[in-house]
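To start, the structure itself, in structure tokens.
The values are calculated or read from the model by the stated rules, or taken from the named source; none is laboratory data. Please read all numbers here as calculations on a predicted model, not as lab measurements. Note: ideal-geometry Cβ built from the backbone for every residue, glycine included; neighbour counts use all protein chains shown. What goes into the accessible areas is simple: the full protein's heavy atoms, side chains included, and nothing from ligands, DNA or RNA. Shrake-Rupley method; radii C 1.70, N 1.55, O 1.52, S 1.80 Å.
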Amino acid sequence: MADSPASYIRLVQHLIERCLLFNMTEEECVMALSKHANINPVITTTVWKELEKENKEFFEAYDRQREDLIFEMETQQVLLKLVSDAQDQSSSGSLS
């Protein structure tokens with residue numbers, strides 16, 4: 001554990017910032033820090049909430065960016081399925 005409560009909080013904040021770089025949700029971050037850094041989920045949640053309060057505009061933009069990313073991934077999956085289905089129909093049509 002860190003030398004003082006303040007340095008421990010800074011450590012948790014730094015780890016949360018790392019999670020943000022990987023586009024994690026709060027829940028994903030809490031689980032990752034609990035599992036990989038042995039950080040109590042209550043601590044991570046508390047620090048996350050404080051960061052949200054202090055950086056409201058950042059987190060609003062972060063949430064929008066995550067939603068856009070999810071939408072883009074879902075769109076790619078639909079397109080890949082359409083291409084796959086078209087290839088399946090094409091190959092099954094050529095066999096008959």
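Could you list all residues from segment 56-74 that are among the acidic types (Asp, Glu), surrounded by 10 or more Cβ atoms within 10 Å (Cβ to Cβ) and under 18 Å from Glu17 (Cβ atoms)?
Hits for segment 56-74 are Glu60, Asp63.
What single numbered condition from (1) open to solvent by 30 Å² or more (accessible area, probe 1.4 Å); (2) among the aliphatic types (A, V, I, L, M); (3) at pLDDT 95 or above fails to hold for Ile39?
Here Ile39 meets the rest and fails (1).
Check segment 19-29 and report whether any residue there is over 15 Å from the mean Cα position of the chain (by Cα) and assigned to a helix (DSSP H, G or I).
In the first step, residues of segment 19-29 are kept if they are over 15 Å from the mean Cα position of the chain (by Cα); the result is none.
No: segment 19-29 contains no residue that is over 15 Å from the mean Cα position of the chain (by Cα) and assigned to a helix (DSSP H, G or I).
So Lys49 fits all but one of (1) within 23 Å of Arg64 (Cβ to Cβ); (2) basic (Lys, Arg); (3) surrounded by 12 or more Cβ atoms within 10 Å (Cβ to Cβ); what number is the exception?
(3)
Check segment 1-11 and report whether any residue there is without any contact (Cβ under 8 Å) to a residue 12 or more places away in the chain, among the acidic types (Asp, Glu) and assigned to a helix (DSSP H, G or I).
Among the residues of segment 1-11, not one is without any contact (Cβ under 8 Å) to a residue 12 or more places away in the chain, among the acidic types (Asp, Glu) and assigned to a helix (DSSP H, G or I), which makes the answer no.
Please find, within segment 12-40, the residue that is farthest from Gln65 (Cα to Cα) out of those that are touching a residue at least 24 places away in the same chain (Cβ under 8 Å) and of a type in the set (A, V, I, L, M, F, W, C).
Step one: filter segment 12-40 for residues touching a residue at least 24 places away in the same chain (Cβ under 8 Å), giving 12-13, 15-16, 20, 23, 25, 39.
Subset that is of a type in the set (A, V, I, L, M, F, W, C): 12, 15-16, 20, 39.
Numbers: Val12: 23, Leu15: 20, Ile16: 17, Leu20: 11, Ile39: 27 Å.
Here the answer is Ile39.
List every residue pair whose Cβ atoms lie under 7 Å apart, where the two residues are 6 or more positions apart in sequence or sit on different chains, the first residue falls within segment 45-74 and is under 16 Å from Glu27 (Cα atoms), and the second residue, located anywhere, is surrounded by 12 or more Cβ atoms within 10 Å (Cβ to Cβ) and of a type in the set (S, T, N, Q).
Every condition considered, the pairs that remain are Val47/Gln13; Leu51/Gln13; Arg66/Asn23.
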